[in-house]
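Just below is one structure, and these are the notes that go with it.
The values are calculated or read from the model by the stated rules, or taken from the named source; none is laboratory data. The structure presented is a predicted model; accordingly, all values stated were derived computationally and were not measured. Counting neighbours? That spans all protein chains shown, and the Cβs are built from the backbone with ideal geometry, glycine included.
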Amino acid sequence: MLHQEKCGEKGDTQSCARSARTPWLALPKESGKVKIEQHLFGWRLYSGKKFIECDSEEEARYLKVFLEARMDKVKIPKDIESLRSILPEIETLKTKIDEIINSYLESIIDTKTKAKIGHQLWIEVMK
């Protein structure tokens with residue numbers, strides 16, 4: 001990851017990275033399609049035009065889970081092996097929680113209300 005304190009503008013995109021002093025990473029707001037792409041020097045996790053530089057595909061997948069859960073910040077494991085060992089379970093849990101939340105939100109027609117309630121539910125789940 002890049003070593004900068006907070007999100008900053010870079011041309012028409014926005015990059016975000018954790019500080020070298022802390023394992024916490026401030027996540028951008030989910031804005032558009034969330035995707036992971038490999039680049040020349042590593043991996044990027046995109047949320048619309050915003051992106052996060054990642055050291056590995058596993059780190060990008062880990063951050064994607066929390067970005068999609070609408071978290072503001074996340075603590076990243078320092079050891080890549082521990083990240084690899086917990087990642088499949090985290091992704092599975094995220095999928096199951098999404099299915100449960102979406103089953104309750106199906107009856108809400110207004111998309112803004114649905115998104116707001118979904119966000120609030122994720123906040124409660126992550127407490």
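Scanning the stretch 72-98 for residues that are among the acidic types (Asp, Glu) and either under 23 Å from Glu30 (Cα atoms) or under 15 Å from the mean Cα position of the chain (by Cα) (or both) returns Asp72, Glu89, Glu91, Asp98. Screening the stretch 1-45 for residues that are of a type in the set (A, V, I, L, M) and either more than 19 Å from Ala69 (Cα to Cα) or modelled with pLDDT under 50 (or both) and picking the one that is surrounded by the most Cβ atoms within 10 Å (Cβ to Cβ) gives Met1. Any idea how many residues of the stretch 32-52 are closer than 20 Å to Lys78 by Cβ and either of a type in the set (Val, Ile, Thr) or touching a Lys or Arg at 6+ places or on another chain (Cβ under 6 Å) (or both)? Summing the residues that are closer than 20 Å to Lys78 by Cβ and either of a type in the set (Val, Ile, Thr) or touching a Lys or Arg at 6+ places or on another chain (Cβ under 6 Å) (or both) in the stretch 32-52 gives 2.
Let's see how each residue does on (1) part of a helix (DSSP H, G or I); (2) without any contact (Cβ under 8 Å) to a residue 60 or more places away in the chain; (3) touching an Asp or Glu at 6+ places or on another chain (Cβ under 8 Å):
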site: Arg44; (1), (2), (3): no, yes, yes
site: Glu53; (1), (2), (3): no, yes, no
site: Ala60; (1), (2), (3): yes, yes, no
site: Leu67; (1), (2), (3): yes, yes, yes
site: Lys78; (1), (2), (3): no, yes, no
site: Leu83; (1), (2), (3): yes, yes, yes
site: Pro88; (1), (2), (3): yes, yes, no
site: Ile97; (1), (2), (3): yes, yes, no
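The set of residues in the stretch 79-118 being within 23 Å of Gly32 (Cα to Cα) and charged (D, E, K, R) consists of Glu91, Lys94, Lys96, Asp98, Glu99, Glu106, Asp110, Lys112, Lys114, Lys116.
Could you check, for the stretch 51-58, whether at least one of its residues is buried (at least 17 other Cβ atoms within 10 Å of the Cβ) and in contact with a Cys (Cβ under 8 Å, 6 or more places away or on another chain)? Yes: one or more hits.
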